Amino acid sequence: MVAEPITHERALRCTAEQAFHVYTSRIGDWWDPRYTADAETLETVTIEPRQGGRVFATHSDLGVDDWGEVTVWEPGRRLVHTFTLAQDPAHPSEVAVEFLPAGEGCRVRFAHGGWNEGNAAVRQKFGDWDMLLDRFAALAQQPDELTRSS
């Protein structure tokens, strides 16, 4: 590894299962369209719910823009996928998210790593995870989400 992972952690007022559900099933709702191939034509972002599933954005004009592949799918606990958005698909990075019970809520540990000689030069492009994760946390903690994903 050439560079350290980009890491973030959030304490949420929802269960780990609810946080996992919102992160994976509702990514199209919390992902900021500006961080796609075309914010104006983005329809949704999808994580297929299984190991080997695709991570992709769908645009009305471009069709499907593949972002990676799910390598670990542990509902309510852990998600890991390769990540090629804004980088050479031949040298993907890796996103790993852990969902840990903590009291009446949970902790979400996020790491964007897998930086090597083939992709480390683009690492600086990914400084806005904090904002994206704030959008995720806000959605996961909405009162209707707490009942919907139970």
Result for region 1-144: accessible area per residue, probe 1.4 angstrom, in square angstrom, of 50
Just add up the charged neighbours of GLU98: K/R +1, D/E -1, any other residue whose Cβ is under 15 Å from the Cβ of GLU98.
+1
So the carbon and sulfur contribution to the accessible area of the chain, 1.4 Å probe, in percent, is 48
Considering only DSSP states other than H, G, I, E and B, which GluC sites (Glu not before Pro) in region 1-65 qualify as loop sites with at most 11 other Cβ atoms within 10 Å?
GLU40
Would you mind computing, in nm to one decimal, how far apart the modelled labels at LEU100 and ALA121 are, each placed 7 Å from Cα along Cα→Cβ?
3.6
Full-stretch length increase - ARG50, ARG107 - with 0.36 nm per residue and alpha-carbon distance subtracted
18.3 nm
With label points built 7 Å along Cα→Cβ from the Cα atoms of MET131 and ASP88, find their separation and express it in nm.
2.8
Less than 13 Å Cβ to Cβ from ALA16, Lys/Arg counted +1 and Asp/Glu -1: what total charge do the surrounding residues give?
+2
Per DSSP helix of 4 or more residues, -39500 (n - 2.57); summed, then divided by the residues of the chain. What does that give at 222 nm, rounded to the nearest 500?
-5500 deg cm²/dmol
What's the whole-number percent of alpha carbon pairs in the chain lying beyond 29 angstrom?
13
Could you give the distance between the Cα centres of region 55-105 and region 9-50, to the whole Å?
9
Suppose each label sits 7 Å from its Cα in the direction of the beta carbon; what would the ARG78-ALA11 distance come out to in nanometres?
2.4
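The values are calculated or read from the model by the stated rules, or taken from the named source; none is laboratory data. If you're wondering where the values come from, they're calculated on a predicted model, not measured in any experiment. Backbone-built Cβ (ideal geometry, glycine too); neighbour counts: all protein chains shown. Just so you know, the surface numbers come from the protein's heavy atoms only, side chains and all, with ligands and any DNA or RNA stripped out. Shrake-Rupley method; radii C 1.70, N 1.55, O 1.52, S 1.80 Å.
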